[in-house]
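Below is one structure, written out as structure tokens; the observations come after it.
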Amino acid sequence: MSGSMRRAEEPRAETELEQARKRISHLEELVRDLHQSEAFLKKREANYRSLFVNSPVSLWEEDFSRAKVVLDRLRGEGVSDLEAYFISNPDVLEQCARSIVIKDVNKATIKLYEAVTKEQLLGTLDKLMVPESMNYFIAELVTLAGGETFFEGEIEHFTLKGQRKMLSVSLSLAPGHEKTWDRVYVAIVDITEKRRVETERLHREKLQGVVETAGAASHDLNQPLQTIVGQLELLLLNLDQGPENIRRRVETVFQEIDRITDITRKLSRITSAESTDYVLGEKILDLDRSTGG
């Protein structure tokens, strides 16, 4: 090969080498970007995971996919009113409850349900439910079956130690899982103490109303009773020589007045609002129990 040909090929080889170096540099840059993106995603995932685990609110991840299969089957069989169907077929509702799978919970949930480890809570949901939970559960399933992706309401659950809790629950289908229901996020707030305080407040208000009504009734009844007693006493004084049957009738009136007096005395001593069954399923105030006897 002549010298001129070698000189012509050398620049071309250098050009190809430079291009190879550029390609390698570009690949190295892509790899660095990939590693940076991967590191960023891992960091973000770790942040989200930390938020889930350490949130002060009880957080759950659940799988409703098997319940959806049941609902789809029911609709395929022509069931249009799911609420009425579940009320008439509680066994199918229980089947749906058993099909809900708890996949993950956070620390707040472990504390709320008095568990030692989260593994005690994972698995099927029905072990935490009480009979009163079923109305909420029906509403939840009907809402999701209707195409909604969010539901909230109040439900009663058992802790693992058997304690009842009143809970405010917010449920949301995860984006991208609307057709399968295999990823459902749940947030729970314990409102047991709030409900207890509200119940006590309502009881105090009810008792106050009863006491005020009883006080007014006692006052209004006592005045005419005193007048009646006075008049009857005068009448008896004038009947000392009168017919015996009239005397017996007057004495009977006195006995009934004593009964009314006893009632007004009890009304003035009311300390609670206890009721008792009356006719046609109604309830009335039980004076004996409301006055401690």
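Observations on the model:
- Residues in segment 86-101 reached by a label modelled at Glu61 [backbone nitrogen below 16 Å; 7 Å Cα→Cβ]: 101
- Surface composition of segment 133-210: carbon plus sulfur atoms contribute 54% of the solvent-accessible area (1.4 Å probe, protein chains only, all chains present).
- At most 12 other Cβ within 10 Å, DSSP loop - trypsin sites (Lys or Arg not before Pro), segment 155-204: Lys161, Lys179
- The stretch between Ser168 and Gln226 holds 15.3 nm of extra length on full extension. This uses 0.36 nm per residue minus the Cα-Cα distance.
The values are calculated or read from the model by the stated rules, or taken from the named source; none is laboratory data. Being a predicted model, the structure only gives us computed values, none of them experimental. Using ideal geometry, Cβ is built from the backbone for each residue, glycine included, and neighbour counts are taken over all protein chains shown. Note: areas computed on protein heavy atoms with side chains; ligands, DNA, RNA excluded. Shrake-Rupley method; radii C 1.70, N 1.55, O 1.52, S 1.80 Å.
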